[in-house]
1. Label points 7 Å out from Cα along the Cβ direction at Asn159 and Phe282: separation in nm?
2. Of the peptides 92-105, 312-325, 346-359, how do they stack up when ordered by the mean number of other Cβ atoms within 10 Å, highest first?
3. Among rounded, prolate and oblate, which fits the range 1-69 when a ≥ b ≥ c are the square roots of the eigenvalues of its C-alpha gyration tensor, a/c under 1.5 means rounded, and a/b larger than b/c means prolate?
4. Only helices at least 18 Å long along their own axis, judged from Cα atoms, and with Kyte-Doolittle mean hydropathy of 0.0 or greater: name those in the chain from DSSP H.
5. Sort out for me the Cα centre separation of the range 225-247 from the range 98-140, rounded to whole Å.
6. Once you put a point 7 Å from the Cα of Leu294 and another 7 Å from the Cα of Arg181, both along the Cβ direction, what distance in nm separates them?
7. Among 112-124, 289-301, how do they line up by average Cβ neighbours within 10 Å per residue, starting with the highest?
8. What is the sum of charges around Leu174, taking Lys and Arg as +1, Asp and Glu as -1, for the other residues whose C-beta is under 15 Å from the C-beta of Leu174?
Amino acid sequence: MYRWWVLGITTLVQLTAALASLGIGAWGPYAKLRWGLSDSHIGLLAATANGATIAGLFLLAPRLDRIGERRLISGGLLVLALAMGLLGTCGGPLSSALIMLMIGAGYTPIQPAGGKAVFQWFPARQRGLAMGVRQAALPLGGAVAAAVIPPLIDGQGWNGAMLWLATAMLACALLFGLSYRPAAAAAASRSGRGWIALWRAYGGDPGFRQVAAIGCVLVAAQTALSLYWMLFLMARYHHPLAQAARALLLLQAAGTLGRLGLAAASDHVAGGRKTIVFGAGFGMTALLLILSVLPAWPPGLAGGLLTGGLGFIAFGWYAPWLTWVAERADASRIGEALGLAMAINQIAIAAAPLACALLLRLHGGYTPVWAGLSALVATGLGYGWYQGRSGKVR
């Protein structure tokens, strides 16, 4: 029964870390007022954190199977706690950019090490659901951030709110470090490979190219939605800040349900993880295209269904995708496969805010942002389909 504790504690870790990695979507509007920033500046801050995560994943991926999950996750949470504490005292956009580098570095090991921990503790028949429960904590963390951070800032002030978040991350680091142990049946890790050998092992595999390409385009769209949803509703449809915050909460909450529902379905549908990921991609292509041309926000229930449906698929695909990556890897190299796939994904996560910020600066509106992302997802799905036909892939 210890595996259920592992699932619970890694889920808590993911949720707590998401308060830092996704928190900018909730505190970004306050930072705009505090430091006189624009929407594109918020995108650049997010890209700064994502850039640090890219570098961290490329450094860590060949070593993930040797270092061990306990040290990686506990250390990452400690860095996040320090970063959030410093964010409460920083004096402007330059110092906040340096702190965003710390947030990116601290978040680096959380996803691959936590995914490996869950994967090793659960059998194949429960793996999709277990991974989905853990990954549901990422949009849930975004939803908690949207629900908690604005009231915290309003009630405790900027400094007090960041101190509360730092305390939560410190407590989680101690809890995980004291309670986690690796699976006894885990395959022994081999000596780490360098990046050239690692890329040779995976880069020539059509199956890996397929899963990596699809993950890149889907995570780019997911990142843009997380970062810009509140700002989009406020700028285009003139939603008040409180109403836009509730919409972000709904988007993230629906994403939590999506990660649970789509992950559970991937254990049972024909084609498994691949069917779910492709289906989510087609749905995202259509909904993003609708957003790009929607003249007025639908009233009442219709608007809620649009937000909820978008969140369900835009976040729900990730857990089946992550399981798909891990199941393709050798048992002793799960960490490096996850690390490499996530490092490639992180490039898209960093590039998406930059591209969106550029489009906003050039065009002054969100129509090209959503239309461009719709086209990007469609292109990635087409490339993934082509790679799937070029070799026998799982």
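1. 5.5
2. Numbers: 92-105: 18.6, 312-325: 28.3, 346-359: 22.3.
Per-residue mean Cβ counts within 10 Å order the peptides as 312-325, 346-359, 92-105.
3. Details: a/c = 5.42, a/b = 1.69, b/c = 3.21.
It comes out oblate by the Cα gyration axes.
4. Details: long enough: 2-21 (28 Å, 0.96); 39-60 (32 Å, 1.19); 69-87 (27 Å, 1.38); 93-107 (21 Å, 1.50); 124-179 (47 Å, 0.92); 206-236 (42 Å, 1.18); 241-266 (37 Å, 1.07); 272-293 (33 Å, 1.43); 300-316 (24 Å, 1.49); 334-363 (43 Å, 1.49); 367-390 (35 Å, 0.26).
Span-like helices in the chain: 2-21, 39-60, 69-87, 93-107, 124-179, 206-236, 241-266, 272-293, 300-316, 334-363, 367-390.
5. Taking the Cα centre of the range 98-140 as reference, the centre of the range 225-247 is 28 Å away.
6. Rounded to a tenth, the inter-label distance reads 5.0 nm.
7. Numbers: 112-124: 23.3, 289-301: 12.2.
Sorting 112-124, 289-301 by mean packing, highest first, produces 112-124, 289-301.
8. Values: positive: Arg70, Arg71; negative: none.
Neighbour charge sum, excluding Leu174 itself: +2.
Quick note: the coordinates plus some simple rules give every number you see, no bench work behind them. The shown structure was predicted, so the numbers you read here are calculated from the model rather than taken from an experiment. Counting neighbours? That spans all protein chains shown, and the Cβs are built from the backbone with ideal geometry, glycine included.
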